[in-house]
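Participant: After the structure tokens below, expect a handful of questions from me.
The values are calculated or read from the model by the stated rules, or taken from the named source; none is laboratory data. Computed from a predicted model, the values in this text were never measured in an experiment. Positions of Cβ are generated from backbone atoms using ideal geometry, with glycine treated the same way; all protein chains shown enter the neighbour counts. Quick note on the areas: whole protein, heavy atoms, side chains included, nothing else; ligands and nucleic acids left out. Shrake-Rupley method; radii C 1.70, N 1.55, O 1.52, S 1.80 Å.
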Amino acid sequence: MTQHVTAALPADAPSDDSARREWWRDAVIYQIYPRSFADGDGDGMGDLPGATARLPHLKRLGVDAVWLSPFYASPQADAGYDVADYRAVDPVFGTLPDADDLVRKAHALGLRVIVDVVPNHCSDQHEWFKRALREGKGSALRGRFHFRPGKGEDGELPPNDWESVFGGPAWTRVPDGEWYLHLFAPEQPDFNWEHPAVHDEFRSILRFWLDLGIDGFRIDVAHGLVKAAGLPDIGHGEQVKLLGKQAVPYFDQDGVHEIYRSWRRILDEYPGERIAVAEAWTPTVERSARYLRGDELHQAFNFEYLTTGWDAAELRAVIDRSLDAMNAVRAPATWVLSNHDVVRHSTRLADGDAARGLRRAKAATLLMLALPGSAYIYQGEELGLPEVTDLPDEVRQDPAFFRSTGQDGRRDGCRVPLPWSGRRAPFGFGPAEGGPSWLPQPADWQELTVEAQDGDPTSALEFYRGALAVRRAHPALGAGRDVEWLDSPKGVLSFRRTTPRGSVVCTVNIGSAPVTIPTPGTGTVLLSSAETAPGADTTILPADSTVWWAA
Ligand code: NOJ
């Protein structure tokens, strides 16, 4: 009858073993967005010491690893995705010893640490780019970027028609008349990956962080490094957005794979299964799977899943497509619903009704966590945080917001600092009540703090803790290759996952009305996202709900 039943776990459930083989095949990886996670020094910006102090929250939550978005030295033109020094921590986030401390404390808790690497572009304040500007046309340093003369009589037109993902042309002219390529903001010049020095530099950067003890990399814009020869025109506007799937000459070129083969060799030199996950937006999941061939990377984000609506047929189709594509290269499927670039799923699925949004978010989360493979959780989703949709324009910092077209520029709403405790902003995000936070938090987040939800069996937090505990303990959940679809009424997804040591049935009612189904499995509810009363023969599945059944 209750929402969070954790009965009938098999007795031989695996123990917490962070050293197990191929940990990444079923890992639950929690994304820390450092500037918004926890502020240790009270300057209003999250930092590494703040994050380290909050690691016990993640241990208790039950995740396997954390992925930290960039904390490197950066002018913060794109919230740290504009890196000025790949081997230094930005003072806003702390110091290198702070990074070391975070890694050591995470490891002591049995949590692995993945860090972002940003190889497509750097900051215009990176030493190489500053020198390229200074040393002028034809200089060796310009060869490490894409500098070109312009078109038109006086070179006053960009070298080609490529658009920045953030809007406007992908080229900016420098005072001596040449143009440089930036697929993102003008402050983010693209590296030229035809140049051997770029390859050497990144191999060295990977080693730097691997030597420090990190467990893997999330590769930013992994599909963008190699551009089509000759930088050909596309011939039309409206080219690409973040998470776009169009085939364009600056993304998903075959040449990128050789780079990842060389990176894999480096990862494999290190003990302890260091991994890499690609942020690669490709036209199809099959194209994404190419990044995961045996000698390339370990995982890729499944953006096709993230962008699928709350629709039974579409979800089933994307699940099948993803598993087929990943099985073909023996890679784990991954599942993700939210990150720092998209509207939080509790709001995305809400259709304007916050309560419905939370209901669907919990149901979607249980579905995601029942699927074979690895899952990503974005900080704050375990608190049921909604997107903040009413931020005043003057506090917004997303660079895309300030440009007229391209990516919608509304990414600040999912980046609002987390509420931890207390009844006054910044709700424990920083050390002092009434202290600053780089984006304002809604006043009603006092109800959503970790402190407020801790121990409340109806809270989103306890729901996530329960789900991750059952997933970890049940042999039929986590790693795997297939789901067995079961007959179900329209609008309901039902599948079984079977191992010799136990089976689980997952039922999801995607519809907005309750549906009666034959009671699945043994009739024992392992976990459900809404109140469910299993009958001996039939059970009513509430609207927008997921149930895990022992089978
Ligand atoms: C993808 C990152 O997730 C996003 O936040 C960033 O703006 C772009 N890459 C450019 O680095």
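Participant: On the given criteria, is residue 541 buried (at least 18 other Cβ atoms within 10 Å of the Cβ) and either within 26 Å of residue 355 (Cβ to Cβ) or among the aromatic types (Phe, Trp, Tyr) (or both)? Let's see the steps before the verdict.
Facilitator: Working: buried (at least 18 other Cβ atoms within 10 Å of the Cβ): yes; either within 26 Å of residue 355 (Cβ to Cβ) or among the aromatic types (Phe, Trp, Tyr) (or both): yes.
It is true that residue 541 is buried (at least 18 other Cβ atoms within 10 Å of the Cβ) and either within 26 Å of residue 355 (Cβ to Cβ) or among the aromatic types (Phe, Trp, Tyr) (or both).
Participant: Tell me whether the stretch 362-373 contains one or more residues that are open to solvent by 10 Å² or more (accessible area, probe 1.4 Å) and either over 17 Å from the mean Cα position of the chain (by Cα) or more than 16 Å from the ligand (Cβ to nearest atom) (or both). So that I can check it myself, show each step before the final result.
Facilitator: Initially, the stretch 362-373 is screened for residues open to solvent by 10 Å² or more (accessible area, probe 1.4 Å), giving 362.
Of the ones still in play, those that are also either over 17 Å from the mean Cα position of the chain (by Cα) or more than 16 Å from the ligand (Cβ to nearest atom) (or both) are 362.
Scanning the stretch 362-373 turns up at least one residue that is open to solvent by 10 Å² or more (accessible area, probe 1.4 Å) and either over 17 Å from the mean Cα position of the chain (by Cα) or more than 16 Å from the ligand (Cβ to nearest atom) (or both).
Participant: Do we find a residue being touching a helix residue (DSSP H, G or I) at 6+ places or on another chain (Cβ under 8 Å) and either of a type outside the set (D, E, K, R) or without any contact (Cβ under 8 Å) to a residue 24 or more places away in the chain (or both) anywhere in the stretch 227-241? If you could, list the steps in order and put the result at the bottom.
Facilitator: Residues of the stretch 227-241 touching a helix residue (DSSP H, G or I) at 6+ places or on another chain (Cβ under 8 Å): none.
Scanning the stretch 227-241 turns up no residue that is touching a helix residue (DSSP H, G or I) at 6+ places or on another chain (Cβ under 8 Å) and either of a type outside the set (D, E, K, R) or without any contact (Cβ under 8 Å) to a residue 24 or more places away in the chain (or both).
Participant: Quick check, is residue 432 away from the ligand (no atom under 16 Å from the Cβ), more than 17 Å from residue 379 (Cβ to Cβ), open to solvent by 10 Å² or more (accessible area, probe 1.4 Å) and of a type in the set (A, V, I, L, M)? Steps first, please.
Facilitator: On the way: away from the ligand (no atom under 16 Å from the Cβ): yes; more than 17 Å from residue 379 (Cβ to Cβ): yes; open to solvent by 10 Å² or more (accessible area, probe 1.4 Å): yes; of a type in the set (A, V, I, L, M): yes.
Spelling it out, residue 432 is indeed away from the ligand (no atom under 16 Å from the Cβ), more than 17 Å from residue 379 (Cβ to Cβ), open to solvent by 10 Å² or more (accessible area, probe 1.4 Å) and of a type in the set (A, V, I, L, M).
Participant: Same structure again: Do you know which of the residues in the stretch 191-229 that are farther than 21 Å from residue 277 by Cα and part of a helix (DSSP H, G or I) is most open to solvent (accessible area, probe 1.4 Å)? Spell out the reasoning first.
Facilitator: Within the stretch 191-229, the subset farther than 21 Å from residue 277 by Cα is 192, 194-197, 228-229.
From what is left, the residues that are part of a helix (DSSP H, G or I) are 196-197.
Values: 196: 85, 197: 21 Å².
Only one residue tops the list, namely 196.
Participant: With respect to residue 153, determine if the residue is open to solvent by less than 50 Å² (accessible area, probe 1.4 Å), more than 14 Å from residue 227 (Cβ to Cβ) and acidic (Asp, Glu). First the steps, then the outcome.
Facilitator: Details: open to solvent by less than 50 Å² (accessible area, probe 1.4 Å): no; more than 14 Å from residue 227 (Cβ to Cβ): yes; acidic (Asp, Glu): yes.
Against the criterion (open to solvent by less than 50 Å² (accessible area, probe 1.4 Å), more than 14 Å from residue 227 (Cβ to Cβ) and acidic (Asp, Glu)), residue 153 does not qualify.
Participant: Could you list all residues from the stretch 513-531 that are part of a loop (DSSP other than H, G, I, E, B), of a type outside the set (A, V, I, L, M, F, W, C) and free of Cβ contacts under 8 Å to residues at least 40 places away in the same chain?
Facilitator: Going through the stretch 513-531, the residues part of a loop (DSSP other than H, G, I, E, B) turn out to be 513-514, 519-524, 529-531.
The next check asks that each one be of a type outside the set (A, V, I, L, M, F, W, C); those that pass are 514, 519-524, 529, 531.
Result: 514, 519, 520, 521, 523.
Residues are listed down the side, and each one gets a yes or a no for (1) in contact with a Ser or Thr (Cβ under 8 Å, 6 or more places away or on another chain); (2) in a loop (DSSP other than H, G, I, E, B); (3) within 16 Å of the ligand (Cβ to nearest atom):
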| position | (1), (2), (3) |
| --- | --- |
| 82 | yes, yes, yes |
| 86 | no, no, yes |
| 91 | no, yes, no |
| 100 | no, no, no |
| 105 | yes, no, no |
| 115 | no, no, yes |
| 119 | no, yes, yes |
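Participant: Would you check which residues across the stretch 163-190 are buried (at least 19 other Cβ atoms within 10 Å of the Cβ), part of a loop (DSSP other than H, G, I, E, B) and more than 15 Å from the ligand (Cβ to nearest atom) and list them?
Facilitator: Scanning the stretch 163-190 gives a single hit, 178.
Participant: So which of 550, 469, 473 is out of contact with any Gly (no Cβ under 7 Å at 6 or more places or on another chain) and over 21 Å from residue 356 (Cα atoms)?
Facilitator: Working: 550 fails: out of contact with any Gly (no Cβ under 7 Å at 6 or more places or on another chain); 469 fails: out of contact with any Gly (no Cβ under 7 Å at 6 or more places or on another chain).
When all the criteria are applied, what remains is 473.
Participant: Name, by its number, the condition in (1) surrounded by 21 or more Cβ atoms within 10 Å (Cβ to Cβ); (2) away from the ligand (no atom under 16 Å from the Cβ); (3) farther than 21 Å from residue 431 by Cα that does not hold for residue 74.
Facilitator: (2)
Participant: Would you call residue 330 open to solvent by 60 Å² or more (accessible area, probe 1.4 Å), among the basic types (Lys, Arg) and either within 16 Å of the ligand (Cβ to nearest atom) or more than 22 Å from residue 81 (Cβ to Cβ) (or both)?
Facilitator: Values: open to solvent by 60 Å² or more (accessible area, probe 1.4 Å): yes; among the basic types (Lys, Arg): yes; either within 16 Å of the ligand (Cβ to nearest atom) or more than 22 Å from residue 81 (Cβ to Cβ) (or both): yes.
Yes, satisfied.
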